[in-house]
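Let me begin by presenting the structure, written as structure tokens, before commenting on it.
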Amino acid sequence: MNISIISVGKLKEKYLKSGIEEYTKRLGSYTKINEIEVADEKAPEQLSEADMEIVKKKEAERILAKISPDAYVIALAIDGKMKTSEQLAKDIESLMTYGRSKIVFVIGGSLGLHDEVLKRADEKLSFSKMTFPHQLMRLILVEQVYRAFRIMKGEPYHK
Ligand SMILES: C[S@@+](CC[C@H](N)C(=O)[O-])C[C@H]1O[C@@H](n2cnc3c(N)ncnc32)[C@H](O)[C@@H]1O
């Protein structure tokens, strides 16, 4: 099983970096996780709709260039499908069972994901109807992937 997380922009906050490192280390007992960062585009506050589209499109090109054709892509999106941690574990397990050995999670930049990425995605996953900063989303996601492996292995985890 090869799991990647593609995200836009460099992770700057120390506390997020150390949280992600911690869960990546814990996950190491179950699977390897590749953290792929693609460059973000400058997005000043006052962008027109057209300019926002350009920013998201440029970021999308960089994201799509990192995804291989045989990868199962899960795009993180607020309007995606919500699931329980147990369901996520089950879904990852069935992907492994059916030979989809490459799973790629994609987290958008500050403006979100371009439609082209959403079209490439096999599913859209929502963590709630609230908006999280993309860098914090990385930490939440890696913890949930770790939790999913604990659940799959029948190991204890905090409820
Ligand atoms: C700051 S948010 C982008 C907000 C943007 N207005 C949108 O609607 O996508 C950056 C990225 O974090 C992820 N994200 C933020 N909140 C999320 C949530 N509740 N569920 C799933 N993904 C989320 C998405 O991938 C999103 O593209």
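What follows draws every value from the coordinates through simple rules; no lab data is involved. Note that this is a predicted model, so its numbers are computed, not measured. All Cβ positions, glycine included, derive from the backbone under ideal geometry; neighbour counts span all protein chains shown.
Near residue 2: Cβ cut-off under 12 Å, other residues only, Lys/Arg at +1 and Asp/Glu at -1. The net charge is +2. Debye sum, Cα scatterers, the stretch 8-48, no solvent: what log₁₀ I/I(0) at q = 0.19, 0.30, 0.33, 0.34 1/Å? Here the Debye-derived log intensity ratios amount to -0.70, -1.05, -1.10, -1.11.
Taken over the C-alpha atoms, the stretch 98-159 has Rg and Dmax values of 13.8, 39 angstrom.
Across the chain, the volume of the C-alpha convex hull divided among the residues equals 113 Å³ per residue. Among the listed pairs 56/124; 14/58; 57/83; 32/66; 83/124, those with a Cα-Cα distance over 20 Å are 14/58; 57/83.
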